[in-house]
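Working notes for the structure below.
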Amino acid sequence: MLQESYVYAINLSIGAILAALMTAHWRRAERDSSLAFWTLTAWVMTVADVLFAMRPVLPYAIGRLVPTLLITLAHGVLFLGAERTAGRARHVRTVGIVLAVHAAALVVFLVTPAIAPWRSVLNGLVWSGLSLAAFRLLRGTTGRLREVMAIPAIVFAAHAGFHGVRLTLGAALALRLTTVDPAWLQAMGDMEASFFMVALFVSLLAAHLQLRSEELRAARSDVQELSKLFPVCAWCRKVKAGDGYWQQIEAWLAEHREMKFTHSICESCEQEQLAVPLERRR
């Protein structure tokens with residue numbers, strides 16, 4: 001138990017550092033909503049590690065329930081963050097249902113020691129499922145976003161694969177088909193958690209910084225282009241494009257700035273039109 005506490009203390013230190021970095025970057029990024037999900041996850045995992053490290057002094061039921069459910073909540077928030085990044089509708093209710101079902105099952109394991117060996121199987125099933133769903137969301141993006149999110153997607157896939165192996169070994173252990181030491185299996189899970197946090201949050205920070213850098217370069221290019229002098233016809237207000245052809249200013253801006261226009265009327269023109277008899281306006 002003392003060795004486990006040391007491992008949890010290390011995970012806590014790693015989690016706290018990563019959470020602080022994510023928070024600082026989120027604040028500098030004008031509180032970007034997609035980054036907010038990743039930042040929240042880092043803090044939830046850090047709190048979970050605090051409770052894992054305090055297990056020896058916590059009431060048994062709290063130590064067995066709350067930290068595990070916080071890890072499930074963290075995976076759920078990661079799933080929501082992947083949905084936000086992919087531009088999909090967020091299934092908050094689905095995450096809530098998964099969390100509630102997991103909590104109910106953990107209570108059953110707590111009051112029925114005979115089936116307690118299946119606890120790790122359920123944990124692995126829930127966590128691998130949410131990680132696999134996040135992987136599919138990130139890989140389902142297109143264009144530049146898909147390229148930038150490739151490494152975080154791989155981290156999610158590796159995490160899901162690890163828990164797939166872990167739940168398989170846990171099931172074999174529960175069925176007494178293997179002699180794997182449960183303590184060794186738990187130690188492997190604790191070590192993987194550290195690698196997962198570092199790999200995921202560092203890759204997410206790198207991806208977000210890369211996207212921001214590309215946005216800034218694009219904005220700088222736009223400013224430089226708009227700062228140039230463009231010939232505009234003094235009568236019809238058409239713009240002379242680079243190929244020598246004259247375009248309506250709306251068409252030129254839509255082509256170069258990806259702007260869309262709709263018809264309206266300013267106050268001066270509205271007053272002038274109201275002053276013109278209806279017959280003449282027709």
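Here is how the numbers come out for the structure above:
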item	result
Set 144, 166: member being more than 24 Å from residue 42 (Cβ to Cβ), in the same structural domain as residue 32 (by TED's automatic domain parsing) and either surrounded by fewer than 19 Cβ atoms within 10 Å (Cβ to Cβ) or at pLDDT below 95 (or both)	144
Hey, residue 112 farther than 21 Å from residue 79 by Cβ and hydroxyl-bearing (Ser, Thr, Tyr) or not	yes
Boolean, residue 48 is aliphatic (A, V, I, L, M), more than 17 Å from the chain's Cα centre (by Cα) and surrounded by 21 or more Cβ atoms within 10 Å (Cβ to Cβ)	yes
Tabulated pairs, segment 147-163, first within 16 Å of residue 38 (Cα to Cα), second outside any helix (DSSP H, G or I), C-beta under 7 angstrom, 6+ apart or interchain	149/141
Boolean, residue 98 is closer than 18 Å to residue 11 by Cβ, assigned by TED's automatic domain parsing to the domain that holds residue 162 and over 16 Å from the mean Cα position of the chain (by Cα)	no
Cross-chain or 6+ apart pairs with Cβ under 6 Å, segment 202-217 first and in the same structural domain as residue 86 (by TED's automatic domain parsing), then surrounded by fewer than 18 Cβ atoms within 10 Å (Cβ to Cβ) and not acidic (Asp, Glu)	203/151
In segment 128-149, the residues that are within 18 Å of residue 195 (Cβ to Cβ) and either of a type in the set (Lys, Arg) or out of contact with any Leu (no Cβ under 8 Å at 6 or more places or on another chain) (or both)	132, 135
Residue 85 assigned by TED's automatic domain parsing to the domain that holds residue 142 and either free of Cβ contacts under 8 Å to residues at least 60 places away in the same chain or more than 13 Å from the chain's Cα centre (by Cα) (or both)	no
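The values are calculated or read from the model by the stated rules, or taken from the named source; none is laboratory data. This structure is a prediction, so every number in the text was calculated from the model and none was measured. Using ideal geometry, Cβ is built from the backbone for each residue, glycine included, and neighbour counts are taken over all protein chains shown.
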